[in-house]
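Contents: one structure, followed by commentary.
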Amino acid sequence: MTVRITLAQAMGTCFGVQDAIDMALDPAFFGALTVVGQLVHNPQTMERLRANGVRVIERDQVDTITTEAVMITAHGASDATKADLRQRGFTVYDATCPLVIRLHKLARFLEREGWFPVIIGEDNHVEVRGVVGNLKEAIVIHDLEDLHRLAGKRRIGIVTQTTNRLELVQALVQAIKAYPGVEEVRFIDTICQPVKERQQAIQTLLSEDIDLGIVIGGLNSANTRKLAELIGDRGIEVHHIERVDDLHAAWFTGKQHVGITAGTSTPQDVIQEVYTRVRGLVGA
Ligand code: SF4
C-alpha cells in the first residue's frame, strides 16, 4: 500500500526569526558581530552563523565580547540588559521580533493599569526573562503546580509567552480565575500569529488521520516541542528530530500516513531534506 506523506500547511521559519538571521548574516558584520543568546533555537542555522564569523555567547559571557557590534536575538531582552551592553561601550543591534515587542508592551500596559503581571510561560526562557526584566514585579506560571505563587494577589493581568499552546493557556487562565483570593483577571492573548498558524496546521494534519508525526526543529526550541506535544497528546506516534540523519527507517514500518511539520526556526532546506529522505524510506 502506498504510504501518504502530508506536509503541514504552515511550518518552518517565521518572519521574526528570518529577519534576525538576515540581520546577523549581513556581510557588513562578517567576523565583527557577537550575538548574545541563541539567535534561533536551531542547530543548522547556528552552524551557518558561526561559519559566517558570527560569535554566539550566553548572557553571562558578556565579559568575553571582543567586537563592537552586539546583537539582541529575536526573543528580545530587557531594557536593563540592553542598557548594560551600551554602557559597556558596545553598539547594540536589536533583532527582537515585533511580536515579542508587542508582548513587552502589553505586559507593561497591564502593570500600568494596576494589574499584577502574570506571564504564562517557561521561567528560564530568554523571552520570558526579558519580559520579567522590564516589569517591577511579575509571576511566571508554567503549569498548575505554580499557582501557589499567586498567593495574596487579587487583580491579575495575564500575558503569555509567544510560543505557547492556546488551549493550555486558556486552561491556566481559568485555573488562575478560580484561585483563592483572586478577584479580577484580565487576559491578553500574546501567542504570535505564526505559532498559531503552525498549531492550526497540526490540527488539520490530525483531522486527516496521520498515524506518524515527524516534527523538525531544535531540541531546545520551545515551539517545536509544543508541536510534537500536540501530536503526542492525541496518542499518535511522534518523533522530534533536529536533522535528517535522526530519522530511523523502523519508525515507518506499517504506517499509512506520515505528517511532517517544523518549528518556527527550522530552515526550509532542512525540511526539504527530511521530506526527501522520508519519501525514500516509505518508497513514495
Ligand atoms: S515565533 Fe512568533 S514571536 Fe517568535 S520570532 Fe517567530 S513570529 Fe516572532
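Which loop chymotrypsin sites (Phe, Trp or Tyr not before Pro) in the range 1-102, with loop taken from DSSP, have no more than 11 other Cβ atoms within 10 angstrom of their Cβ? Loop-located and lightly packed - Phe30.
Looking at the chain, send over the antiparallel percent of its DSSP beta bridges, to the nearest 5.
0
Search the structure for amide H atoms under 5 Å from the amide H of Val238, placed 1.01 Å from N in the peptide plane, and list their residues when 5 or more places away or on another chain. It is Gly213, by chain and number.
Of His148, Ala51, Gln199, whose Cα points farthest to the positive end of the dipole of the chain (charges on the beta-carbon: +1 Lys, Arg; -1 Asp, Glu; origin at the Cα centre)? My answer, from the dipole projection, is His148. For the pair Leu206 and Arg277 in one chain, pulling the backbone fully straight at 0.36 nm per residue adds 23.4 nm over the alpha carbon distance. Report the longest stretch of the chain that contains none of the GluC sites (Glu not before Pro) sitting in a DSSP loop with at most 15 other Cβ atoms within 10 Å. Segment 209-284 is the longest.
Using the empirical formula 2.2 N^0.38 Å as the baseline, the Cα radius of gyration of the range 12-156 reaches a ratio of 1.14.
Each peptide in 159-165, 274-280, 221-227 was scored by the mean count of other Cβ atoms within 10 Å over its residues; highest first, the order is 159-165, 221-227, 274-280. Of the cross-linked pairs Lys105/Lys153; Lys82/Lys226; Lys82/Lys136, those separated by over 24 Å at the C-alpha level are Lys82/Lys226. When the trypsin sites (Lys or Arg not before Pro) in the range 1-95 are filtered for DSSP coil states and for at most 12 other beta-carbon atoms within 10 Å of their beta-carbon, the remaining sites are Arg88. Note on Ala151 and Thr6: the model spin-label points, each 7 Å out from Cα along the C-beta direction, lie 4.8 nm apart.
Taking amide H positions as modeled 1.01 Å from N, with prolines and chain starts lacking one, the residues under 5 Å from Val54 and 5 or more places away or on another chain are Gly31.
3J(HN,Hα) along the range 60-72: 7, 10, 4, 5, 9, 5, 10, 9, 7, 8, 10, 10, 8 Hz, from the Karplus curve 6.51 cos²θ - 1.76 cosθ + 1.60 with θ = phi - 60°, whole Hz, x for Gly and Pro. Scalar couplings 3J(HN,Hα) for the range 156-165, obtained by applying the Karplus form with A = 6.51, B = -1.76, C = 1.60 to θ = phi - 60°, are 10, x, 10, 10, 9, 3, 5, 9, 6, 8 Hz; x denotes Gly and Pro.
Measuring between their Cα centroids, the range 157-186 and the range 215-253 lie 28 Å from each other. 3J(HN,Hα) along the range 225-238: 4, 5, 4, 5, 4, 4, 6, x, 5, 8, x, 9, 4, 9 Hz, from the Karplus curve 6.51 cos²θ - 1.76 cosθ + 1.60 with θ = phi - 60°, whole Hz, x for Gly and Pro. Here the label points at Arg59 and Glu167, each 7 Å from Cα along the C-beta direction, are separated by 3.2 nm in the simple model.
The H on the amide N of Gly157, modeled in the peptide plane, is under 5 Å from the matching H of Phe116, Val118, Arg186, each at least 5 residues off or on a different chain.
For a distance above 36 Å, tell me the whole-number percent of Cα pairs in the chain that qualify.
Details: 9127 of 40186 pairs.
Here the tail beyond 36 Å accounts for 23 percent of pairs.
Around the Cα centre of the range 15-96, unit charges on the Cβ atoms of Lys, Arg, Asp and Glu (plus for the first two, minus for the last two) sum to a dipole of about 120 debye.
With the helix formula -39500 (n - 2.57) applied to DSSP H stretches of n ≥ 4, the chain reaches a computed 222 nm mean residue ellipticity of -11000 deg cm²/dmol. Dividing the alpha-carbon radius of gyration of the range 15-96 by the rule-of-thumb value 2.2 N^0.38 Å gives 0.98. Computing FRET efficiency as 1/(1 + (r/R0)^6) for Glu183 and Asn124, where r is the C-beta to C-beta distance and R0 is 22 Å, gives about 0.15.
Computed from the coordinates by the stated procedures, all read-outs in this text should not be read as laboratory data. These numbers come from a predicted model, not from an experiment. Quick reminder, even Gly has a Cβ in these numbers, built from the backbone with ideal geometry, and neighbours come from all protein chains shown.
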